[in-house]
Amino acid sequence: MPNWGGGTKCAACEKTVYHAEEIQCNGRSFHKTCFICMACRKGLDSTTVAAHESEIYCKSCYGKKYGPKGYGYGQGAGALSSDPVAPSLKTQSHTSQSQPSSTNSNSNKFAQKFGSTDHCPRCSKAVYAAEKVLSAGKPWHKTCFRCAKCGKGLESTTVTDKDGELYCKVCYAKNFGPRGLGNLGVTEETY
């Protein structure tokens, strides 16, 4: 078809793009209405676009399609790869929930969809990657990662554990640390 108007062609719809409606990306021109994600069809702008060869995506869809895969790499807050979970892990997560859960069915559906098998020892709820802190060989929610005695928030440098429970160093020393002899068993010698 001849280019009578003399303008550039839109990379998406191949119609003429006039200067007032032109958006450029990777040396190609688009209509403002054609500058949308190829996967989810969401409108894009200069801060949300991610180009791959001749295709344009929003950053979320680009990450899903071309980003790293595997455990811990998400497409959003707490999302994990949707690869199937090993059957042994599925049965383990169902048997470890012996107490009734106060969570609603939506969170259970989310856990089933993304294969969460980690449960916080303090609150017994599912722990997802975005909120996980590992200590004492167990996953904890960031909000549950507190001293069992004083409730102080913990960090990797201030945490100690005893019998599966977490303590700050001060509370651990007060409750489980070595005891001094003081005056026990010590008699004054008189000369």
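The values are calculated or read from the model by the stated rules, or taken from the named source; none is laboratory data. Being a predicted model, the structure only gives us computed values, none of them experimental. Reconstructed Cβ throughout: ideal geometry from the backbone, glycine too, with neighbour counts over all protein chains shown. Accessible surface areas use protein heavy atoms only, side chains included; no ligands, DNA or RNA. Shrake-Rupley method; radii C 1.70, N 1.55, O 1.52, S 1.80 Å.
FRET efficiency for the pair Ala20 and Lys65, taken as 1/(1 + (r/R0)^6) with r the Cβ-Cβ distance and R0 = 22 Å, rounds to 0.10.
Spacing of the modelled spin labels on Thr157 and Ala39, each 7 Å from Cα toward Cβ, amounts to 3.9 nm.
If the chain linking Lys32 and Cys13 were pulled fully straight, counting 0.36 nm for each residue of separation and taking away their Cα-Cα distance, it would gain 5.7 nm.
Heavy-atom accessible area, probed at 1.4 angstrom with all protein chains present, ranks Thr16, Thr157 as Thr157, Thr16, highest first.
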